[in-house]
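All remarks here apply to the structure that follows.
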Amino acid sequence: VMHKIYLFCNAGMSTSMMASKMQKVADQHSLDIEVKAFSDNLLDKIITEQNPDAILLGPQVKYLYDKVVDRYGHLGKPIFVIDTEEYGNMDGERVLKRAILEIKKKKAESEGK
């Protein structure tokens, strides 16, 4: 099953760099994962149309977190703000691992209900 991990931030430039680092790690481990970055003004459109498995926010748009959770929390998908340090270091592996972990956690929660 292909998992879609989508990153959102205001400019999208550094976020696309982070996304491609994460994609590279996923590819190296032959994980069926698609990582993409979008500008936050496309957030509603992308979430509605593409239905990603995880929604990651860049540290620059962490003020959007509550709004996104209010609007999409019911979908049972992980929504989190990327750690500032990991973002600064462009640590694609750590961010990817966290996203995968959160997807598994949410899946377990929904199956446990």
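Since every read-out is calculated from the coordinates, none of them should be taken as a lab result. As the structure is a prediction and not an experimental result, all values here were calculated from the model. As a convention, Cβ positions derive from the backbone with ideal geometry for all residues, glycine included, and neighbour counts pool all protein chains shown.
Between residue 70 and residue 41, the contour length at 0.36 nm per residue exceeds the alpha carbon distance by 8.8 nm. The residues packed around residue 85, meaning those with a beta-carbon under 12 Å from its beta-carbon, carry a net charge of -2 if Lys and Arg are +1 and Asp and Glu are -1. Each Cα pair under 8 Å and six or more residues apart adds its sequence gap; the mean of these over the residue count of the chain is a relative contact order of 30 percent.
For residue 44, neighbours were defined as the other residues whose beta-carbon sits under 13 Å from its Cβ, and their charges (Lys and Arg +1, Asp and Glu -1) total 0.
Could you tally the net charge around residue 68, taking each other residue with its Cβ under 12 Å from the Cβ of residue 68, Lys/Arg +1 and Asp/Glu -1? Result for the neighbourhood of residue 68: 0. Along its principal axes, the chain has C-alpha extents of 37, 31, 25 angstrom, given from the largest down. For the residue pairs 77/106; 45/77; 62/97, the C-alpha atoms sit more than 18 angstrom apart in 62/97. Computed on region 41-89, with alpha-carbon pairs under 8 angstrom and 6+ residues apart, the relative contact order is 44 percent.
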